[in-house]
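Here's the structure we're looking at; comments come further down.
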Amino acid sequence: MAGLVVQPCLRPAATAARLSERSSALLIAAVRSAPLPASLANGHRARSWQAHAAVAAFAAATLVQRSRRGSARRAESEAAEATDAAVAAEEGGEDQEQAPEAKPRKRRQAFDPASQPGAGAPLGYFDPLGFCPLGDEGKFRELRCAEIKHGRVAMMASVGLLAQCFIRIPAFGLKEAPSGIQAATIIPSSWGFTLVVFAAMVVELLFWVQDSKKEPGNFGDPLGLKMYDLDMRNKEINNGRFAMFAALGIVAAELVTGKDAIEQFGLSVQSGLP
């Protein structure tokens, strides 16, 4: 019976924790002054009722006090957070005023082969078959390296095809060697041709290696001429293109007519005249 009486007394105490401070205080006072039931007016049951009522009142008071402390702590925490946010916003505004304006990043333009050396008058950038599409820098570098290399070889070849008619090495039986491309087909002049090809291969593979960080064909300035500029680069590319056609024409004409380079001009080595 005492347990049944305690439950109604504890429910008001639990409810008081969820109410406001004023309502909880009024509820505690009401519990303390509530009249005893008629069945509990005498004896041990009356004392038990009063004890349980006192415990319920104390529990309610404790809950109210904890709720008050929690509210105060939350209020202090919210105030501190608001202060920190205000300070941070003020400092951020000062930093934005003092910080220089960020410069917009320049958008990288697509690689344009028409803007590279070699695109000169009268044809400009000439690529009718589309070997070097716009934006493909790797393909352009590969073909430009090959163009410059073949142009340099063709310039030396075209000069050599003319010079061998007048200049001979007086040793190793080379003075009696024929002129033109026939010199590369008989011994001992064919040995010299093989030696030149092997030496060029060694130089290209071991010494003049293309650097990916430099322009195509840039192997430095071993003679210290200081002539590597845009104008000389255009001249080299254009002369190399012309020399490739010249060397090809000299060889083709000799295969058809049997005449060496100087004889194709109507001249002879003996007289130098028509």
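The values are calculated or read from the model by the stated rules, or taken from the named source; none is laboratory data. The structure presented is a predicted model; accordingly, all values stated were derived computationally and were not measured. Cβ atoms come from the backbone with ideal geometry, glycine included; neighbour counts cover every protein chain shown. Only protein heavy atoms, including side chains, enter the accessible area calculation; ligands, DNA and RNA are left aside. Shrake-Rupley method; radii C 1.70, N 1.55, O 1.52, S 1.80 Å.
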Return only the number of the condition from (1) assigned to a helix (DSSP H, G or I); (2) without any contact (Cβ under 8 Å) to a residue 24 or more places away in the chain; (3) buried (at least 16 other Cβ atoms within 10 Å of the Cβ) that Leu195 does not satisfy.
-> (3)
Among what's in the range 212-227 and is touching a Phe, Trp or Tyr at 6+ places or on another chain (Cβ under 9 Å) and not charged (D, E, K, R), pick the residue that is most open to solvent (accessible area, probe 1.4 Å).
-> Phe219
Within the range 149-174, considering residues that are farther than 21 Å from Gly258 by Cβ and charged (D, E, K, R), the one most open to solvent (accessible area, probe 1.4 Å) = Lys149
Condition set open to solvent by 90 Å² or more (accessible area, probe 1.4 Å) and either touching a Phe, Trp or Tyr at 6+ places or on another chain (Cβ under 8 Å) or among the aliphatic types (A, V, I, L, M) (or both), scope the range 228-255, selection modelled with the highest pLDDT: answer is Leu248
